[in-house]
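Have a look at the structure below, then the notes.
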Amino acid sequence: MKANACRRDRWCSSLSLGVVACLLFATSSCAQPRATEEYQAPPVPPPDGVWRFDFGGPKSPVEPGYYRVWPETTYSKEQGFGYTKGRAYRSAFDQNRRITRDVLILDDLTRDGIYGGPPFRIDLPDGKYRVVVLTGQYTRPGANRPDSHFRQYSITAGDTALYEQQGSVEEFFDPRGRYFHNYYRAWHPKVNLYQENIARWIPFGEAQVEVSGGRLEVSASRYAPVNGLWVFAVGNEAGPKAVKRFRAEQEATFNDQYPYLSDEPELPMPELPAGTKQAGVVMYVREDARSLRPGTRPVQRDLGRPLRLFASQGEREAGVIAVTPLRDIEGKVDLVASDLRGANGARIAGTAFDIRYIRYNEYPVTGGYKVRPHFLVPWRPEGMEKGLTRGFWVDLHTPKDAQPGFYGGALQLSGPGVKAMLPVEVRILPLRLPTARLRAGVYAGDLAGTTFRPFRTARNMPNELMRKVLRTRMEFYAEQGFTGLFDSLPWYPFEYQDGRIETTQVWEDWLTVFRTAAAIPNFEDRIFCYYVGGPQMFPKCPHFLGRGGIRKMELDEIRFSDEAVQEMIVMTKFLYAKLRAGGLPELTFYVQDELGNDGAKGARYGRELLRAVNRCREAVPGGFRTCISTLRASIAREYLNEADIVIPNSAYPLTAETIAEIRDHGRTLGLYNCGATRFSYGFYPWRVGAYLRAQWSFSYDGDSRDPFEALPSGARVSCDCHFTPEWEVLPSIGMLVQREGVDDYRYIQLLEERLKAAQDAGQGQSPAAKEARAVLDELRAAVNVDYMDPSNNWDNSTMNYYRWRVAAAAMKLGER
């Protein structure tokens, strides 16, 4: 193992430059094995009596001191080991890679292995042996989980099981199983990253076996990966030592890449009152949850400052509480809210607060890892370390019938040896926010292709559970005030057969989405499923031109034939006839996405696809609306004459000129991927009159790896959410920050509606109406139409100021 340790040390010393270079250039060559190192086979039999095997492919490196096993390694008497004759399927894999957003570097033994194969024979003297197997694959490139995550498989030594996996839905999603393991885990500086993140997906199995006849056969079923194998006689002390030594090196190879890079305290701790010192913790209000770090510290004015919130009736309003322990806390730390008391006996129960622990995620950075807050979990941490700040998200769900006025209460934190209190002051406004006219939401993959994708592959889809989770996700959107549903649909609901449309099983999945949306008021009238016109609906038309087909075509050759358009028309008419006959939500036809990735050919393809879809629209009774998202103005200009709703992102760029150009072509403006920010979901879309706002996404990585962790790939981004073991939505800070933006929009919409009502009632020149117009004019001047202008970098205090100005003006109009 010394040779491997030396290589690991050399690799770690160059980690910073290597990782940066690989991430920047996404070169697959970074993960290629060291071909210059020649393999030296150990003597047979091994001198210490420990048979060590490294399974993998011919391009993978071999752990020094181990016997190399390839899929082609067949048994021979001279060699003493190898696969027996047989036609059983076997394939090698190597999971090490360094490409953008997908980095994994494991030791030479763990990194690779072989799936399946005929029995693997080892010639041994008769007797009792200990057999240890390493089995598993952490991830593989792309959107699919490795087979070892979800397939039924077994590995046996003779008749004795070394490792067995049921491969059932229940096992995979067991609340205490490996899928949900990191959901429950709070970060601590001494965490063993390999054990928590990797080892659960690449476990060890072992057993004692009796060898007779001078041979041992180890059998792996088709979906069983074998990475490494150790065999040694019972009582041979070198065997357990060899396995233990390898496991230590296995962990070190991964963990040494990611030392914890601690955050320095942002400020010195201010002089604390005696009562705070005695409490053992400092509790204080934090303006922005995403800025929370272990090094966060209060300033003097934070000490004892109440959490102050204002909200309309029925609104959700959040605050952030930071907690800096003054000593180690060993045991559960809890935060609860008292009832809120107002005038004349008014009361809001403490249970109106949804208090969630802000869970830190480990994020890879150059030279190691740092932690950042992301998920908002309902559980409480088991302990906190002295001087490491953590936090809680305090979400007030204001009752719709709450009496307007001022309320007071407290937040109480408790744990072994600590107890603290922070005042809470809440003002309930005599307002009820309207449903936003902005179609705001987030993109989300279809559940059959993300969370439950493994069981579609295994033809064991838990349909009832999937329908329940789909409804839960939609209801969560609606609870946040979202009115735009951008969930993706599974592929190929129809097949075109001699001028007729035949539905597939996928059509039932589409209907489930439509029917679920129809039952939720925020989505019952219109939805925007992403992106139907691309790979999802038309590829089963025999003459359809797919996006991949344009690569070998000349620019002027890119067009849809009349045969293709006629097939698309038949399919589209069938779709809208079914939706409308069933009273289902109107589907805005999402045509395509980010054609700029294909350059000029992508632009031309977008134009021709829109022309084809527009011919479909003309043929459908009553027509339908279309939308297309785009990341470059230069690309979009090719198809602006054909588009309906054009959805640019922040890199388009979004400027007064480009927005005017979209509207000069008679197009409707949407917005997508402007960042998971409050400003981009509220004040900015109001200012530019956007029709819709979408953000990538509910689950960015498609649930192809550990859903609750960022290491080693850094996958947690934007507003990503997942699910709890009870299949409730596990929200992220980014998602609820976007909700606050939607509420900003709703406040402005309320003011505009009240101002119009005043004008319609002949009171347009009243003092309250004049003040309302002045507030709107001031806000309009404050928001720059050029989205990336630095003046648009508003902090929470600025947005709260303008929300209050709008709310105050709306209340005065309500008094007329």
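The values are calculated or read from the model by the stated rules, or taken from the named source; none is laboratory data. All figures in this text were calculated on a predicted structure; none of them were measured in a lab. With ideal geometry, Cβ positions are generated from the backbone for all residues, glycine too; neighbour counts draw on all protein chains shown. Accessible surface is based on the protein model in full, side chains and every heavy atom, while ligands, DNA and RNA are left aside. Shrake-Rupley method; radii C 1.70, N 1.55, O 1.52, S 1.80 Å.
A few points about this structure:
- Alpha-carbon spread of segment 520-628, three principal axes, descending order, Å: 46, 27, 20
- 17 Å tail of the calculated P(r), segment 387-445, as % of Cα pairs: 63 percent
- Between the helical axis of 15-25 and the longest alpha-carbon principal axis of the chain there is an angle of about 60 degrees.
- Mean separation of Cα contacts under 8 Å (6+ apart) over length of segment 258-335, as relative contact order %: 39 percent
- Annotation: amide H of SER60 has no partner in the under-5 Å range at sequence separation 5 or more or interchain, hydrogens built in the peptide plane.
- The figure for LEU309 is an accessible area of roughly 20 square angstrom, using a 1.4 Å probe on the protein chains alone.
- A Förster distance of 35 Å, applied to the separation of the beta-carbon atoms of VAL234 and SER168, puts the FRET efficiency at 0.55.
- The listed residues TYR492, TYR89, once ranked by accessible area (1.4 Å probe) with the largest placed first, stand as TYR89, TYR492.
- Helix-derived mean residue ellipticity, 222 nm - over the chain, DSSP H n ≥ 4, -39500 (n - 2.57), to 500: -8500 deg cm²/dmol
- Entry note, the chain: relative contact order of 10 percent, from Cα contacts under 8 Å with a spacing of 6+ residues.
- Potential lengthening between LYS244 and ARG308 on full extension [0.36 nm per residue; Cα-Cα distance subtracted]: 17.5 nm
- Close amide-amide hydrogen proximity is noted between GLU315 and THR398, each under 5 Å apart and 5 or more residues distant or on a separate chain (H modeled in the peptide plane; Pro and chain starts excluded).
- The amide H of VAL226, built 1.01 Å from its N in the peptide plane, has ILE114, TYR115, GLY116 as neighbours under 5 Å, considering only residues 5 or more places off or on other chains.
- Computed from backbone phi with θ = phi - 60° and the Karplus coefficients 6.51, -1.76 and 1.60, the 3J(HN,Hα) list for segment 310-327 is 10, 7, 7, 5, x, 8, 9, 9, 10, x, 10, 10, 9, 10, 10, x, 8, 7 Hz; x is used for glycine and proline.
- Förster radius 45 Å - calculated FRET efficiency between ASN597 and ALA577, Cβ distance, rounded to 0.05: 0.85
- Counting only alpha carbon atoms, the long axis of helix 733-760 and the longest principal axis of the chain meet at about 20°.
- Förster radius 45 Å - calculated FRET efficiency between ASP562 and GLU475, Cβ distance, rounded to 0.05: 0.50
- For segment 35-179, the relative contact order works out to 16 percent when only alpha carbon pairs closer than 8 Å and six or more residues apart are counted.
- Approximating the spin labels as points 7 Å out from Cα along Cα→Cβ, the ARG625-to-THR74 distance works out to 6.6 nm.
- Per residue accessible area of segment 80-239, 1.4 Å probe, in Å²: 38 Å²
- In order along segment 460-465, the Karplus-derived 3J(HN,Hα) couplings, from 6.51 cos²θ - 1.76 cosθ + 1.60 at θ = phi - 60°, round to 9, 5, x, 4, 5, 5 Hz, and Gly and Pro are given as x.
- Shape of segment 348-476 from the C-alpha gyration tensor: oblate (a/c of 1.5 or more and a/b not above b/c, with a ≥ b ≥ c the square roots of its eigenvalues).
- If you take all other residues with their beta carbon under 11 Å from the beta carbon of TRP70, and give Lys and Arg +1 and Asp and Glu -1, the sum is 0.
- Percent breakdown of C-alpha pair distances by 20 Å bin, ordered from the shortest bin, for the chain: 14, 40, 34, 11, 1, 0
- Only Lys, Arg (+1) and Asp, Glu (-1) charged, at Cβ; the chain dipole about Cα centre in debye: 660 debye
- GLU642 - accessible surface, heavy atoms, 1.4 Å probe, Å² rounded to 10: 40 Å²
- Taking the longest Cα principal axis of the chain as reference, the axis of helix 238-255 is set at about 30 degrees.
- Ligands, DNA and RNA left out, the 1.4 Å accessible surface of the chain is 49% carbon and sulfur atoms.
- Whole-Hz Karplus values for segment 776-791 come out as 5, 5, 5, 5, 4, 6, 6, 8, 7, 5, 6, 4, 7, 4, x, 5 Hz, taken residue by residue from phi with 6.51 cos²θ - 1.76 cosθ + 1.60 and θ = phi - 60°; glycine and proline positions read x.
- Other residues within the sphere of radius under 14 Å centred on the Cβ of GLU237, judged by their own Cβ, net out at +3 (K and R +1, D and E -1).
- Rolling a 1.4 Å probe across the protein heavy atoms gives segment 392-433 an accessible surface of 44 Å² per residue.
- If you sort ARG215, ARG437 by accessible surface, 1.4 Å probe, largest first, the order is ARG437, ARG215.
- Surrounding net charge for PRO653, when Lys and Arg each add one and Asp and Glu each subtract one, Cβ distance under 13 Å: -3
- Gyration tensor verdict on segment 571-633 (Cα atoms; rounded if a/c is under 1.5, prolate if a/b is larger than b/c, oblate otherwise): prolate
- Peptides 123-135, 399-411 ranked from most to least packed by the mean count of surrounding Cβ atoms within 10 Å: 123-135, 399-411.
- For segment 393-546, convex hull of alpha carbons as volume per residue, Å³: 188 Å³
- Global geometry of segment 738-798, whether rounded, prolate or oblate, following the gyration tensor of its Cα atoms and the 1.5 cut on a/c: prolate
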